[in-house]
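Asker: First the structure, then my questions, so here it is.
The values are calculated or read from the model by the stated rules, or taken from the named source; none is laboratory data. Predicted model, so just to flag it, every value in this text is computed and none were measured. As a convention, Cβ positions derive from the backbone with ideal geometry for all residues, glycine included, and neighbour counts pool all protein chains shown.
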Amino acid sequence: MASLPLMEIRKLALTGIAVVRPRRFMDARGYFVETYNEKAFREVGITATFVQDNQSYSAKRGTIRGLHFQLPPTSQAKLVRVLQGSVYDVAVDLRAGSPTYGQWIGETLTADGGEQLFVPRGFAHAFCTLAPDTLVAYKVDDFYAPASESGLIWNDPLLAIEWPIAPDDVVLSDRDLKFGGFADFVSPFRYEGN
């Protein structure tokens, strides 16, 4: 009898982005899930070596965190999952020379579904909470470097991200309100063709 894979990994339209759905093993007690497996990731071309885990709590529905990224040489790939609640997770391609430069994707991630989004280096990342009291955990492949942190404004008209919340209901940090727009962004990221 052939065994089922421990993870389903689905690549998305923007090169390098993938949705990962780990398999849950259910019984009367609840479930067990392997949320990360380096071998399974490498088999589909995801070679990030994660060095730091982060977690955020958002009290209110409509909280947007992002669009964040770290500049080279401390740029980060991320593996994002929801521990409680749900989010609309967004990644924007910032890699100069990419055929999808300036394009975005959005995926709903839920604690119940266990979906994860892999976001490689060279992308801006953000999420919008779809439920109150949402917990998000993510792995990154380089350490937090305050001098390298940057971002783009969440509602940039050129990016035209279709957020699932009315603009008047969005909750933002003061820092995220001050980010500049995509029209003035000069990308330090380069498309490597994969």
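Asker: If you scan region 135-194, which residues turn out to be of a type in the set (S, T, N, Q) and out of contact with any strand residue (DSSP E or B) (no Cβ under 8 Å at 6 or more places or on another chain)?
Answerer: Within region 135-194, ASN155, ASN194 meet the criteria.
Asker: Just one of GLN70, GLN76, GLN116, GLN103 is modelled with pLDDT of 95 or more and more than 22 Å from PHE182 (Cβ to Cβ); which is it?
Answerer: The conditions single out GLN116.
Asker: Being over 20 Å from the mean Cα position of the chain (by Cα) and in a helix (DSSP H, G or I) is the filter here, so list the residues in region 165-187 that pass it.
Answerer: Passing the criteria: PRO167, ASP168, ASP169, ASP174, ALA183, ASP184.
Asker: Is there any pair with a first residue in region 167-194 that is touching a residue at least 40 places away in the same chain (Cβ under 8 Å) and within 18 Å of TYR101 (Cβ to Cβ) and a second that is surrounded by 13 or more Cβ atoms within 10 Å (Cβ to Cβ) and among the acidic types (Asp, Glu) whose Cβ atoms are under 8 Å apart and which are 6 or more apart or on different chains, and what are they?
Answerer: Final answer for the pair search is PHE182/ASP156.
Asker: With a cut-off of at least 2 residues that are out of contact with any strand residue (DSSP E or B) (no Cβ under 8 Å at 6 or more places or on another chain), name the strands (runs of 3 or more DSSP E) lying wholly within region 1-94.
Answerer: In region 1-94, 24-27 are the strands (runs of 3 or more DSSP E) which contain 2 or more residues that are out of contact with any strand residue (DSSP E or B) (no Cβ under 8 Å at 6 or more places or on another chain).
Asker: Consider ALA91 carefully, then state whether it is over 30 Å from LEU158 (Cα atoms) and out of contact with any Pro (no Cβ under 7 Å at 6 or more places or on another chain).
Answerer: Numbers: over 30 Å from LEU158 (Cα atoms): no; out of contact with any Pro (no Cβ under 7 Å at 6 or more places or on another chain): yes.
For ALA91, the condition - over 30 Å from LEU158 (Cα atoms) and out of contact with any Pro (no Cβ under 7 Å at 6 or more places or on another chain) - is not met.
Asker: Of GLY122, GLY85, GLY97, GLY102, which residue is at positive phi and in contact with a helix residue (DSSP H, G or I) (Cβ under 7 Å, 6 or more places away or on another chain)?
Answerer: GLY102
Asker: Now a separate question. Can you go through ASP156, ASP112 and tell me which one is surrounded by fewer than 20 Cβ atoms within 10 Å (Cβ to Cβ) and over 14 Å from the mean Cα position of the chain (by Cα)?
Answerer: Residue meeting the stated conditions: ASP112.
Let's see how each residue does on (1) closer than 12 Å to PHE69 by Cα; (2) out of contact with any Gly (no Cβ under 9 Å at 6 or more places or on another chain):
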site	(1), (2)
TYR144	yes, yes
SER148	yes, yes
VAL170	no, no
VAL186	no, yes
